[in-house]
Amino acid sequence: MRQTFTFYTAGQLLFGRDAVTQLGEIVARFGGKRVLIVTDKILVHAGIVARVREAMPGLSIDVFDGGEPEPTIDMVLRCVENARTLKPDVVIGVGGGSNMDAAKLAAIAISHGGDPRDYVGENHVPGPVLPLICLPTTSGTGSEVTPAAVFTDTAKKIKVSVLSNFLRPAAAIVDPMLTLTCPPKVTADSGIDALTHAIEAFTAIDNADFPLPANERSVYQGKNLIADMMAEQAIKRVAGFLPRAVRDGKDVEAREEMSLAATLAGLAFSNAGVALVHAMEYPVAAAVHVSHGAGNGLLLPFVMRYNLSAKVPAFAQVAEWLGVERQGRDDAAMADQAIVAVEQLKALIGIPARLRDLGVNKDDLPTFAEKAFSLKRLMRVNPRYPSAADIGQIYRDAW
Ligand SMILES: NC(=O)c1ccc[n+]([C@@H]2O[C@H](COP(=O)([O-])OP(=O)(O)OC[C@H]3O[C@@H](n4cnc5c(N)ncnc54)[C@H](O)[C@@H]3O)[C@@H](O)[C@H]2O)c1
Ligand SMILES: [Zn+2]
């Protein structure tokens with residue numbers, strides 16, 4: 001087997017209906033007296049921020065509600081400035097990946113100063129950050145347990161990521177009741193993001209073969225046994241419950257299963273890694289208006305097609321978990337069915353099929369390919385190491 005890996009998670013993970021009510025206890029355990037909630041106006045209007053506040057009686061609470069979907073550097077800087085002025089001792093991210101990531105960047109700024117752009121890349125955060133608690137209101141990114149904080153560097157026209165295990169939240173409170181108001185489109189997009197995380201983690205290069213120079217540490221470590229178990233459970237749940245959650249947001253059972261799926265997928269990918277789908281989504285999202293999840297969902301089957309030959313048994317396994325029956329098929333035929341199943345799921349929940357539908361200009365594809373190829377930390381997780389030309393071809397197929 002020859003696997004050697006470390007498995008990281010949030011310091012504490014609370015899961016379940018109305019888990020938010022335990023927030024006050026957790027803040028108290030961290031010695032928090034003055035907390036900053038990082039969120040957005042939609043979640044204030046949905047009454048979610050009120051529930052978070054009610055769970056912390058007697059504390060001094062400030063709210064930054066300037067969060068925006070797919071945060072830009074300008075938005076992040078406003079959040080960071082706010083945090084520096086207020087000097088909280090605990091930061092609480094309430095929202096989807098966008099607000100949770102902004103909360104992480106605020107926590108870095110309070111603990112280590114500087115500008116969020118100083119920490120972009122892997123392992124550039126110099127030490128622990130102040131206690132960070134994340135409460136997801138979408139079922140998708142897994143940011144509540146991951147070491148990543150993503151934003152768009154508008155000047156460089158690329159999404160960038162700060163990646164450090166110091167950014168794993170001290171506590172993740174995953175309460176499916178906070179997701180009931182999540183609109184169908186956000187539910188679909190974030191749900192297929194979770195599926196992408198689980199599939200990329202499960203079909204990643206094996207931990208034993210991970211191409212890392214001896215003196216280098218990487219947050220992503222390749223496919224390993226613990227991540228595999230979590231990816232399996234996530235894929236089965238997305239297949240079984242995402243269409244239901246999109247159809248009826250108040251379907252509590254579907255919401256609960258999707259909450260679990262997203263957190264499990266977050267645990268899987270944030271140790272094993274995400275790969276070519278995510279690398280290819282970054283330049284697309286910086287160029288046109290598309291959510292991270294929809295961009296990933298669009299690209300997922302095209303990248304699966306490229307990766308298929310390197311991981312036939314793994315993709316055959318994914319097909320089974322997506323609900324495809326064997327019916328005498330061999331692994332190669334089953335692996336093919338994994339792509340069909342993802343395409344069907346996409347169509348069912350309304351994920352765009354083609355890059356041209358998003359307004360992507362065909363002439364930009366070579367530049368996209370160069371940008372994606374430059375993301376070495378993602379390339380080396382992929383089961384086939386692509387060339388920039390390979391990536392260009394996948395973009396053209398998806399166009
Ligand atoms: N840190 C990580 O590990 C990680 C992983 C994947 C993606 N991301 C990043 O996360 C971001 C995407 O996050 P997301 O998909 O969770 O969506 P999001 O955070 O961008 O939210 C999308 C919209 O949905 C609204 N919304 C969220 N929950 C709601 C609820 N319960 N009720 C009503 N409205 C609600 C928000 O207010 C927002 O307007 C991207 O920037 C992406 O790059 C981060
Ligand atoms: Zn993602």
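No lab work stands behind these numbers, since they all come straight from the coordinates. Computed from a prediction, not measured in an experiment: that's the story for all the values here. For neighbour counting, all protein chains shown are included, and Cβ atoms are generated from backbone atoms with ideal geometry for every residue, glycine included.
Can you give me the Rg/Rh ratio for segment 116-256, using Cα atoms for both radii and the Kirkwood formula for Rh?
0.99
Short version: what are the Cα gyration tensor semi-axes of segment 190-262, square root of 5 times each eigenvalue, largest first, in whole Å?
31, 10, 9
Would you list which lysines come within 20 Å of Lys346, measuring only between C-alpha atoms, while excluding same-chain residues fewer than 8 positions from it?
Lys185, Lys236
For the chain, what does the helix formula give at 222 nm: sum of -39500 (n - 2.57) over DSSP H segments with n ≥ 4, over the residue count, nearest 500 deg cm²/dmol?
My calculation for the chain gives -15500 deg cm²/dmol from helical runs alone.
Return the sequence-ordered ³J(HN,Hα) values of segment 381-389 in whole Hz as given by the Karplus equation 6.51 cos²θ - 1.76 cosθ + 1.60 applied to θ = phi - 60°, using x for Gly and Pro.
Values per residue, Gly and Pro as x: 7, 5, x, 10, 7, x, 8, 4, 5 Hz.
Quote the FRET efficiency, to the nearest 0.05, computed for His45 versus Glu81 with a Förster distance R0 of 25 Å and r equal to the Cβ-Cβ distance.
0.55
Report the one residue of Phe15, Ala261, Val44 whose Cα lies farthest in the direction of the positive end of the charge dipole of the chain (charges on C-beta: Lys and Arg +1, Asp and Glu -1; origin at the Cα centre).
The Cα lying farthest towards the positive end belongs to Val44.
Taking the Cα centre of the chain as the origin, how large is its charge dipole in debye, to the nearest 20, when only Lys and Arg (+1) and Asp and Glu (-1) carry charge on their Cβ atoms?
That gives a dipole near 320 debye.
Can you order the peptides 143-155, 200-212 by their average number of other Cβ atoms within 10 Å per residue, highest first?
143-155, 200-212
Name the long-range amide H neighbours of Gly93: under 5 Å, sequence gap of 5 or more, or other chain; modelled H, no Pro or chain starts.
For Gly93, the qualifying residues are Val38, Ile133, Cys134, Leu135.
Under a plain spin-label model, where a point goes 7 Å from the Cα along Cα-to-Cβ, how far apart in nm are Lys185 and Lys250?
Output for this residue pair reads 2.3 nm.
Using just the C-alpha positions of segment 251-394 as equal point scatterers, what log10 of I(q)/I(0) does the Debye formula give at each q in 0.11 1/Å?
-0.45
Along segment 230-238, what does the Karplus equation 6.51 cos²θ - 1.76 cosθ + 1.60 (θ = phi - 60°) give for ³J(HN,Hα), rounded to whole Hz, x for Gly and Pro?
6, 4, 4, 5, 5, 4, 4, 5, 4
Roughly how tilted is helix 276-287, in degrees to the nearest 10 and between 0 and 90, from the longest Cα axis of the chain?
60
So what is the relative contact order of segment 145-296, in percent, for Cα pairs below 8 Å that sit 6 or more residues apart?
34
Can you tell me the orientation of helix 252-272 relative to the chain, as the angle in degrees between its alpha-carbon axis and the longest Cα principal axis, to the nearest 10?
It works out to around 80 degrees.
For helix 292-307, what angle does its Cα long axis make with the longest principal axis of the chain, in degrees from 0 to 90 and rounded to 10?
Here the helix axis deviates by roughly 30 degrees.
Quick check for me: using +1 on Lys/Arg Cβ and -1 on Asp/Glu Cβ, what's the dipole size of segment 188-317 about its Cα centre, in debye to the nearest 20?
The calculated dipole for segment 188-317 is roughly 160 debye.
Taking the alpha-carbon centroid of each part, what is the distance from segment 256-308 to segment 31-58 in angstrom?
Result: 29 Å between the Cα centres.
Ranked highest first by the average count of other Cβ atoms within 10 Å around their residues, in what order do 223-236, 22-35, 319-332 fall?
223-236, 22-35, 319-332
In whole angstrom, and with the biggest value first, how far do the Cα coordinates of segment 18-62 range along each principal axis?
29, 22, 14
Would you mind computing Rg(Cα) / (2.2 N^0.38 Å) for the chain, counting N as its residues?
So the Cα radius of gyration is 0.92 times the expected 2.2 N^0.38 Å.
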